[in-house]
Amino acid sequence: MGRRRGGDRVVERVDTGEAELTPDADRAGSWTLLLDGTPQSHVDLTDPTHLEFEYVRRLAAAIDLVAPAGAPLRALHLGGGALTLPRYVAATRPGSTQRVSEVDGALVELVRRALPWPAEARLRVRVADARETLTSTRDAAYDLVVADVFAGARTPAHLTSVEYAAEVARVLRPGGWYLANLADGPPLRYARAQVATVRSVLPRACLVGDAGVLRGRRYGNLVLVAGRDEPPVAALTRRAAGDWFPGRVLAGAELDRFVGGAAVVRDADATPSTPPPPGIFSVRR
């Protein structure tokens, strides 16, 4: 059972650690989800199109641009958290069919109870490992696969390999898109290897992020957009430049230089993503 403390803050033990739901003092009806002190999601129950986290806005921009505005999509979300992006897609692309794979069943129940999603949304949440969900999915089932999976503050090793990426490519329709949140810091070995790995099966890609993170100056989130067609680089560049925290887009030769000689990751040598520096989440947003 959860326990409530001052200001309706909720703290509850879930399968993967301690979950905390904190109300946003600046936005009525908004909440931040933390797992073991690491911010995982921010949701606005009254306006699901309000996206607080920078990297989530970059993911949403890609979702907006990879298909005609308002057109419904078949989307698979690997990693659920508080379902920020599924709520966004339901609001901006009515009629979309969405499936969420979240490994933490107790977290799903907490979110269902405390931050319920609209009953009319065509949204189904399955308690399962992300890779197991992929392997049980038929070919060409989705227009969009979004990966934002963390165990603690790291992406699990089995979701970083070319074998995993090949499963993503298999379940995407020919014109489908893969979006991934990559968290990394200097010297960006993990991010470079992930771009190399995903491009080996989905060769048209771009990378969106803060200039300081892209240059290896600090730890942060990068968004990888990959598919079989050319991504909408110009439009993504405009959206990134106009964000509250402006970003850059790497594509073509710039992305080649970013990857350098990074090797494709295989199951046999896969490791979790780079851990964040100590104290990086001590000041809460």
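The values are calculated or read from the model by the stated rules, or taken from the named source; none is laboratory data. A quick note: this is a predicted structure, and the numbers were derived from the prediction, not measured. Cβ sites come from the backbone with ideal geometry, for glycine too, and all protein chains shown count toward neighbours. Surface areas here come from the heavy atoms of the whole protein model, side chains and all, with no ligands, DNA or RNA. Shrake-Rupley method; radii C 1.70, N 1.55, O 1.52, S 1.80 Å.
With respect to Arg74, determine if the residue is in contact with a strand residue (DSSP E or B) (Cβ under 8 Å, 6 or more places away or on another chain), open to solvent by 40 Å² or more (accessible area, probe 1.4 Å) and at pLDDT 95 or above. Break it down stepwise before answering.
Numbers: in contact with a strand residue (DSSP E or B) (Cβ under 8 Å, 6 or more places away or on another chain): yes; open to solvent by 40 Å² or more (accessible area, probe 1.4 Å): yes; at pLDDT 95 or above: yes.
The answer is yes for Arg74.
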| query | Is there a residue being within 30 Å of Thr46 (Cβ to Cβ), surrounded by fewer than 20 Cβ atoms within 10 Å (Cβ to Cβ) and among the charged types (D, E, K, R) anywhere in region 126-149? | reply | yes
| task | Report the residue count in region 206-219 for those that are surrounded by fewer than 21 Cβ atoms within 10 Å (Cβ to Cβ) and within 17 Å of the chain's Cα centre (by Cα). | result | 1
| task | Determine which single condition Leu33 fails, assuming it passes every other condition in (1) within 16 Å of Gly152 (Cα to Cα); (2) open to solvent by 20 Å² or more (accessible area, probe 1.4 Å); (3) among the aliphatic types (A, V, I, L, M). | result | (2)
| field | All positions within region 83-113 that are under 19 Å from Asp44 (Cα atoms), out of contact with any Gly (no Cβ under 8 Å at 6 or more places or on another chain), surrounded by fewer than 22 Cβ atoms within 10 Å (Cβ to Cβ) and in contact (Cβ under 8 Å) with a residue 60 or more places away in the chain | value | none
| query | Pick from region 244-273 the residues that are open to solvent by less than 30 Å² (accessible area, probe 1.4 Å) and in a helix (DSSP H, G or I): which of them is farthest from Leu172 (Cα to Cα)? | reply | Phe258
| query | Within the bounds of region 137-146, is there any residue that is polar (S, T, N, Q), at pLDDT 95 or above and either farther than 21 Å from Asp269 by Cα or in a helix (DSSP H, G or I) (or both)? | reply | yes
